[in-house]
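> Here's a structure for you.
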């Protein structure tokens, strides 16, 4: 894993000192709220519906066991004993007190963490594939590129006050586990015909109130041109992005209104004016960063493990967990383990301090101390020996982290909604719980197969409802919550925005409607077709009829 | 929702967040702040509303509270009119800490 250099260390420690003094000045009145608000937001501190909320950056979703233990300590000491994994792989605490935040930031800084750029109109925390460095699918580990972007974008003076926030995601596999096409800039690491590694740059994607799938800005960008080219792209956005209307200020609006061809020309023209060598990073520096992400010392093991196979036959529950929660590892004898944070009775993405400590201990024991957070609001242990899987599973059961529903209908993405968020218009957590309960039968979940339900409590779409196979948007009218349904969204490499079905439902009607929808799918699906495949084959009309057939 | 510059209709209450701890509070009949909405002063009397506004601004200037604003109150139920404000009164309908009996360990 990347270790902060002296510069990183100095910046984070200085920020803690600055913010500590700023809080003191706020408390004694030398700073007004209007003056203090942008300063606290620069450190991830929001004032939400009921209390402050602190968002902690988890760069490209990579955490060490030490960092996870520190998050557990913070959850216990300063919050209410739990944290929440967000759809941008960060961690949020829902109940910190302002007077404690300087100490929290110091505790975070002690393990190389902070809340920089988790708020505000800047380049936000860069996200990536939670299987990075572990999956055989990838061309290379995307984390060195993500780390390079983190260093470039951290406190970048020219891009600290963009027209609006700016989100970047990086993957290196054809399988998109970071929703790159719904980001301001999505980066796919690719090889050209000559076998050279470079970048496919996608621009202008986003969710929110105007969902748009990103378009190709450059099909192949040579590796050394990445930072200068992004610099040119951000300059164009900074110059032409709207500042008069925050709802039209994201780059997706600029790209759509300008047209991708003209926007590309503007970027290329700007790029031509740059002195790329002033911005580009030397191969030596890239190599230095990449070295931090070298593979751990994997043992040479056979691809198959007899004890693991025997346990699969012995223990049916373990076999079901393994079927859903494991992914293929690049190294023979290892597996990628997904830990579901979607138990039937708790909020999606929430993890208690006790569970955080357990995950940290298990990462030390079984996964080279490495942990990942996912945009699906789950956790990954990236490198587990197959021979250790059963022991790991037994330990996960002890802390109620052995839910075997990864990718199934109860693995729901869900924003905090009206229960916590100041922007929300309706609750989302109770809806996710009601759906998960309705489909709680494990056999039924498996029969349904891969299904992505995503729920947002307002049009800002933090719950990614636009790209859910079934997307749910919570709204409110005259004091009554209702839920609009979208169908046919896709967060994968085949990214698509779902279409609105029609009038909204009450929560009870919604769950019944989704059940009818799912039953209809089970009736009409062909072979191994997933819900989204059946929907794409048959179109909206029959699914809509099933949804509204009360 | 009214802003601090009172323009609302019907009974009004004044709400804010504690600066230090961040929790929601409402102005009480004795012009203190309470975390319990049941303690909130509700009035249609313009002269009282004016005094509430002065108190809110003063306490904001004294760095006791932040984000002070008036809310409209339903005359028959005494609850806030806006759905969002009803939620601020009730607190989260779901919180993992409540669900599992977790709390701060100081």
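The values are calculated or read from the model by the stated rules, or taken from the named source; none is laboratory data. The structure presented is a predicted model; accordingly, all values stated were derived computationally and were not measured. Here Cβ is always computed from backbone atoms with ideal geometry, including for glycine, and neighbour counts include all displayed protein chains.
> Kindly evaluate residue B:86 against the criterion of being more than 13 Å from every other protein chain (Cβ to nearest Cβ), without any contact (Cβ under 8 Å) to a residue 60 or more places away in the chain and either over 11 Å from the mean Cα position of the chain (by Cα) or not in a loop (DSSP other than H, G, I, E, B) (or both). Give the steps one after another, and end with the answer.
Values: more than 13 Å from every other protein chain (Cβ to nearest Cβ): no; without any contact (Cβ under 8 Å) to a residue 60 or more places away in the chain: yes; either over 11 Å from the mean Cα position of the chain (by Cα) or not in a loop (DSSP other than H, G, I, E, B) (or both): yes.
For residue B:86, the condition - more than 13 Å from every other protein chain (Cβ to nearest Cβ), without any contact (Cβ under 8 Å) to a residue 60 or more places away in the chain and either over 11 Å from the mean Cα position of the chain (by Cα) or not in a loop (DSSP other than H, G, I, E, B) (or both) - is not met.
Residues are listed down the side, and each one gets a yes or a no for (1) surrounded by fewer than 18 Cβ atoms within 10 Å (Cβ to Cβ); (2) at the interface with chain B (Cβ under 10 Å from one of its Cβ atoms); (3) at pLDDT below 95; (4) touching a strand residue (DSSP E or B) at 6+ places or on another chain (Cβ under 9 Å):
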| site | (1), (2), (3), (4) |
| --- | --- |
| A:3 | yes, no, yes, no |
| A:16 | no, no, no, no |
| A:60 | no, no, no, yes |
| A:65 | no, no, no, yes |
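> Let me ask you something else. I'd like to check which strands (runs of 3 or more DSSP E) are fully inside the range A:301-401 and have at least 3 residues that are crowded, with 20+ Cβ neighbours inside 10 Å, within 14 Å of chain B (Cβ to nearest Cβ) and modelled with pLDDT of 95 or more. Reasoning before the result, please.
Working: elements: A:326-328, A:334-339, A:350-352, A:370-373, A:379-385.
Once the strands (runs of 3 or more DSSP E) in the range A:301-401 are filtered for at least 3 residues that are crowded, with 20+ Cβ neighbours inside 10 Å, within 14 Å of chain B (Cβ to nearest Cβ) and modelled with pLDDT of 95 or more, what remains is A:350-352.
> Here are some residues: A:55, A:80. Which one is within 11 Å of another protein chain (Cβ to nearest Cβ), buried (at least 20 other Cβ atoms within 10 Å of the Cβ) and modelled with pLDDT of 95 or more? Please lay out each step first, then the result.
Details: A:55 fails: within 11 Å of another protein chain (Cβ to nearest Cβ).
Checking each option against the conditions leaves just A:80.
> Also, I was wondering about something else. (1) assigned to a loop (DSSP other than H, G, I, E, B); (2) within 24 Å of residue A:178 (Cα to Cα); (3) touching a residue at least 24 places away in the same chain (Cβ under 8 Å): which one isn't true of residue A:529, the others all being true?
Going through (1) assigned to a loop (DSSP other than H, G, I, E, B); (2) within 24 Å of residue A:178 (Cα to Cα); (3) touching a residue at least 24 places away in the same chain (Cβ under 8 Å) one by one, residue A:529 breaks only (3).
> To continue, here is another question. Among the residues of the range A:447-468, are any more than 30 Å from residue A:246 (Cβ to Cβ) and in a helix (DSSP H, G or I)?
Quick first cut of the range A:447-468, residues more than 30 Å from residue A:246 (Cβ to Cβ) only: A:447-451.
Of the ones still in play, those that are also in a helix (DSSP H, G or I) are A:447-448.
There is at least one residue in the range A:447-468 that is more than 30 Å from residue A:246 (Cβ to Cβ) and in a helix (DSSP H, G or I).
> Here's another thing I want to ask about it. So, in the range B:1-40, exactly how many residues are away from chain A (no Cβ under 14 Å) and either crowded, with 21+ Cβ neighbours inside 10 Å or modelled with pLDDT of 95 or more (or both)? Step through it out loud before you land on a result.
We begin by selecting, within the range B:1-40, every residue away from chain A (no Cβ under 14 Å); these are B:2-3, B:5-14, B:27-34, B:38-40.
Cutting the leftovers down to either crowded, with 21+ Cβ neighbours inside 10 Å or modelled with pLDDT of 95 or more (or both) gives us B:11-14, B:27-34, B:38-40.
Qualifying residue count, the range B:1-40: 15.
> Follow-up. Kindly indicate whether residue A:106 is assigned to a strand (DSSP E or B), more than 25 Å from residue A:276 (Cβ to Cβ) and either modelled with pLDDT of 95 or more or within 14 Å of chain B (Cβ to nearest Cβ) (or both).
Numbers: assigned to a strand (DSSP E or B): no; more than 25 Å from residue A:276 (Cβ to Cβ): yes; either modelled with pLDDT of 95 or more or within 14 Å of chain B (Cβ to nearest Cβ) (or both): yes.
When the stated conditions are applied, residue A:106 does not pass them.
> Next question. Checking residue A:528 against (1) touching a helix residue (DSSP H, G or I) at 6+ places or on another chain (Cβ under 9 Å); (2) more than 19 Å from residue A:412 (Cβ to Cβ); (3) loosely packed, with under 15 Cβ neighbours inside 10 Å: exactly one of these is not met. Which one?
(1)
> Here's something else I'd like to know. Can you tell me how many residues in the range A:473-488 are touching a residue at least 40 places away in the same chain (Cβ under 8 Å), surrounded by fewer than 21 Cβ atoms within 10 Å (Cβ to Cβ) and within 11 Å of chain B (Cβ to nearest Cβ)?
2
> Return the residues of the range B:55-78 that are in contact with a helix residue (DSSP H, G or I) (Cβ under 6 Å, 6 or more places away or on another chain) and more than 7 Å from chain A (Cβ to nearest Cβ); say none if nothing qualifies.
Within the range B:55-78, B:65, B:68, B:71 qualify.
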